[in-house]
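Q: Questions regarding the structure given below will be posed in turn.
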Amino acid sequence: MDVPLFLLFAAIAVACGVNLVVQTHPVSSALSLIGVMGALAVLYLLLGAEFLAAAQLVVYAGAIMVLFIFVIMLLNAGGEKKSRNRPRLAAALGIPLLMLFLGIISFLIQRRVPSSMTVTFGGFTGGGPGDLGRTLFTGYLLPFEAASVLVLIAILGAVVLGRKEID
Amino acid sequence: MNFFLLSLLKAGLVAAVLLTTLAYLQWVERKVIAHIQLRMGPSRVGPHGLLQPLADVVKLLTKEDLLPPHVNKFLYVLAPFLAVSLALTSIAVIPFGPEIEIFGVRTEMGLTDLNIGILFLLGISSLGVYAVALAGWSSNNKYSLLGALRSSAQMVSYELPLALAVVGPLLLANTLSLRGIAEQQAGSILNWSILQMPAPQLLGFLVFAIAGFAETNRIPFDLPEAENELVAGFHTEYSSMKFASFFMAEYANIVTICCLATVLFLGGWHPVFPASMGSGYVPVLVFLAAAGIALYHGVNPARPKDRITLPAAGVVFAVVAGLFLVPVLKPVLVPLFWFGAKAGTMMFVFIWVRGTLPRFRYDQLMRFAWGWLFPVAMANLLATGLLVALWAK
Amino acid sequence: MNAVPLSWYLILSAILFSLGVAGFLFRRNIITVFMSIELMLNAVNLAFIAFAYQLQQVDGHIFALFVMVVAAAEAAVGLAIILTVFKNRTTLHIDEVSSLRN
């Protein structure tokens, strides 16, 4: 069951990712991104990361993307206009170069990662909330505290930027 | 193969019961609201209007399915579908009773038990906001858009206190699995999370209930569909089955929130006092009392038609009371009775509040969430954490 | 048939990352550009979690968790900046927000 499931959700993720880049309207792009996140949550489950799969849904799809959708609706942003002054060289070479980059990366991964390394569902059971919490609050306590300070600063920044009058 | 067959059977059973509950919850709501307002409520279709939900379904199905011009067709159709499927998905992780053995088959009462059950539920419910936002945005109508904007801000704001209130019982139970949480509250009412030592979650329950009202867009938090300001809010442009989907999703969310409150705070399927003190006979007594009352009012009818309908109801209640005495059915029905009684009480409170309270103003709503509910939930969480840590030592 | 090669996960991660780069470079709407960054972060998370599986350690999950925290903080500040830009310029087109050029 692993391979068909992986292929199905990988296909969904890639299709939604392509759609994100191709669509001109921000709402369509945002929805595609939510699709990518949902597919990735399933892949996290296959990799044994139960807590992160749930966090992906709650934090990414449930909070961050809602903010995006909210801002898009608030600004009532329409479709995108064509760019006027895009360099011709960049337009012509952009996609081929990106494909080349992707090809090289894939080639390197194929060469460096032995095919004996495989993923089976249930092969890693240390991804539950308990294991994650124990590691987070012992080995990674300082980064955790630093992250909380970062979030606090971000809140303050967002509040200051979002005030009615900026003088 | 047995597993798949059993799962299919359970899923079908739960879906059938849930959909019937949804239809009749709406009948109960109209009746209760009507009696609060000294009216009769639905009474034309069938005895006491009992066939009203059926009539409503027929009405909604046969209405014209409008597709207004200038809407984003894909999203416009996707939104109600999303709303109802997400709302129905969340019932999958709710446990309704203990592990039982019936006709030689051992099974858990409930569809599934995830070790991250509560996170799954929070994730699914946080996706529900998209249905509302997309419906409002794709309708290309200013009232819908305003309703959707209000709703997404409101749901994101109230999800925080809701999640923080949920953490209290999790700390007490030391697990994220809903079945584990319910099983840990076995015993009497003193073992329910709401009263459990060392940290009774009364405050958490209050926060959870209030945030639950807001999450389900119910009065007093029904700003997204405030009909005297926004016509009907995000579903102004919807008709026929698409409107029915939103309607169904709203009631399914109420059922989920009530079931969740039951599992987290009110001890799940566990009775108020232990079975050794005879709590297994409470359902029989309750239904016999109901049968007696119905028969008494049937014999002394206040209205002519009560002469037939109330005795019939009395007989039905008596038969149900008899079912609780059948040895094979007893281990199934008694937990279901307690679960249903608790969840039903919560649903009644939802309806009662709707019949009693006026609507908030939008700024009051936001100030209430961030200035009052959030700090209280936070304080409750800190106190619970401290008490649990001290108790464990 | 029951085991997926680890390299597939990593290549999927690379594909999603490239898509994010493409969106970042080709799109002209600030919000879409911002979403492309989120896509790149998601791709990186997938790689982290795949490595965590291979090493049988939960540390990769912790990294992914931190990425999520930072992404949330970034989204809050970034969207506040976008709102401010829109308030002052009434446009979301990045070619028209170029006062710092030259």
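Q: Can you name every residue in region C:30-55 that is over 17 Å from residue C:74 (Cβ atoms), surrounded by fewer than 22 Cβ atoms within 10 Å (Cβ to Cβ) and in contact (Cβ under 8 Å) with a residue 40 or more places away in the chain?
A: Scanning region C:30-55 gives a single hit, C:54.
Q: Could you give every pair whose Cβ atoms fall below 9 Å, whose first residue belongs to region C:1-12 and is within 7 Å of another protein chain (Cβ to nearest Cβ) and surrounded by fewer than 19 Cβ atoms within 10 Å (Cβ to Cβ), and whose second residue is in a loop (DSSP other than H, G, I, E, B) and of a type in the set (D, E, K, R), counting only separations of at least 6 or pairs across chains?
A: Within 9 Å, no pair qualifies.
Q: Just to check your reading of the model, which residue among B:255, B:156, B:167 is part of a helix (DSSP H, G or I), on the phi < 0 side of the Ramachandran plot, touching a helix residue (DSSP H, G or I) at 6+ places or on another chain (Cβ under 7 Å) and without any contact (Cβ under 8 Å) to a residue 60 or more places away in the chain?
A: B:156
Q: Would you call residue A:62 facing chain B (nearest Cβ under 10 Å) and at pLDDT below 85?
A: yes
Q: Select, from B:85, B:43, B:7, the only residue that is of a type in the set (S, T, N, Q) and in contact (Cβ under 8 Å) with a residue 12 or more places away in the chain.
A: B:7
Q: Here's a follow-up. Which one of A:144, A:121 is modelled with pLDDT under 85, under 30 Å from residue C:53 (Cα atoms) and more than 14 Å from chain B (Cβ to nearest Cβ)?
A: It is A:121.
Q: Within region B:105-116, does at least one residue satisfy the condition of being in a helix (DSSP H, G or I) and surrounded by 21 or more Cβ atoms within 10 Å (Cβ to Cβ)?
A: Looking through region B:105-116, none of the residues is in a helix (DSSP H, G or I) and surrounded by 21 or more Cβ atoms within 10 Å (Cβ to Cβ).
Q: Somewhere in region B:67-83, is a residue modelled with pLDDT of 85 or more and within 18 Å of the chain's Cα centre (by Cα)?
A: Looking for residues that are modelled with pLDDT of 85 or more and within 18 Å of the chain's Cα centre (by Cα), one finds at least one in region B:67-83, hence yes.
Q: Identify all residues within region B:157-176 that are over 19 Å from the mean Cα position of the chain (by Cα) and farther than 17 Å from residue B:370 by Cα; write none if there are none.
A: B:167, B:168, B:170, B:171, B:172, B:173, B:174, B:175, B:176 - these are the residues of region B:157-176 that are over 19 Å from the mean Cα position of the chain (by Cα) and farther than 17 Å from residue B:370 by Cα.
Q: Moving to a separate point now. Please work out which residue is nearest to the other protein chains (Cβ to nearest Cβ), limiting yourself to region B:117-139 and to residues that are of a type in the set (Val, Ile, Thr) and crowded, with 24+ Cβ neighbours inside 10 Å.
A: Among those that are of a type in the set (Val, Ile, Thr) and crowded, with 24+ Cβ neighbours inside 10 Å, it is B:129.
Q: Could you please find all residues in region A:7-17 being surrounded by fewer than 22 Cβ atoms within 10 Å (Cβ to Cβ) and either in contact (Cβ under 8 Å) with a residue 24 or more places away in the chain or within 7 Å of chain C (Cβ to nearest Cβ) (or both)?
A: A:9, A:12, A:14
Q: Oh, and also: Among all residue pairs at least 6 apart or on different chains, which show Cβ distances below 7 Å where the first residue, located in region B:333-349, is aromatic (Phe, Trp, Tyr) and the second is assigned to a helix (DSSP H, G or I) and buried (at least 21 other Cβ atoms within 10 Å of the Cβ)?
A: B:337/B:283; B:339/B:262
Q: Just for helices (runs of 4 or more DSSP H) wholly inside region B:258-369: which have at least 3 residues that are more than 29 Å from residue B:161 (Cα to Cα) and in contact with a Pro (Cβ under 8 Å, 6 or more places away or on another chain)?
A: It comes to B:282-299, B:306-323, B:330-356.
Q: Quick one: which residue in A:20, A:45, A:31 is touching a Leu at 6+ places or on another chain (Cβ under 8 Å) and more than 9 Å from chain B (Cβ to nearest Cβ)?
A: From the options A:20, A:45, A:31, the qualifying one is A:20.
Q: Now for a different question. How many residues are within 7 Å of chain A (Cβ to nearest Cβ) and over 18 Å from the mean Cα position of the chain (by Cα) if we restrict to region C:60-89?
A: Result for region C:60-89: 3.
Q: Select, from C:44, C:21, the only residue that is out of contact with any strand residue (DSSP E or B) (no Cβ under 9 Å at 6 or more places or on another chain) and either within 7 Å of chain A (Cβ to nearest Cβ) or modelled with pLDDT under 85 (or both).
A: C:21
Q: While we're on this one: Going by the structure shown, is residue C:92 at pLDDT below 85 and either within 19 Å of the chain's Cα centre (by Cα) or crowded, with 20+ Cβ neighbours inside 10 Å (or both)?
A: Considered against the rule, which asks whether it is at pLDDT below 85 and either within 19 Å of the chain's Cα centre (by Cα) or crowded, with 20+ Cβ neighbours inside 10 Å (or both), residue C:92 comes out as yes.
Q: Hey, among the residues in region A:96-152 that are part of a helix (DSSP H, G or I) and among the aromatic types (Phe, Trp, Tyr), which one's farthest from residue C:75 (Cα to Cα)?
A: Step by step, filter region A:96-152, then rank; the result is A:107.
Q: Still on this structure, please answer the following. State the number of residues belonging to region C:1-31 that are in contact with a Pro (Cβ under 7 Å, 6 or more places away or on another chain) and β-branched (Val, Ile, Thr).
A: Residues flagged as in contact with a Pro (Cβ under 7 Å, 6 or more places away or on another chain) and β-branched (Val, Ile, Thr) within region C:1-31 amount to 1.
The values are calculated or read from the model by the stated rules, or taken from the named source; none is laboratory data. The model shown is predicted, which means the values in this text are computed figures rather than measured ones. Every residue, glycine among them, receives a Cβ derived from its backbone with ideal geometry; neighbour counts consider all protein chains shown.
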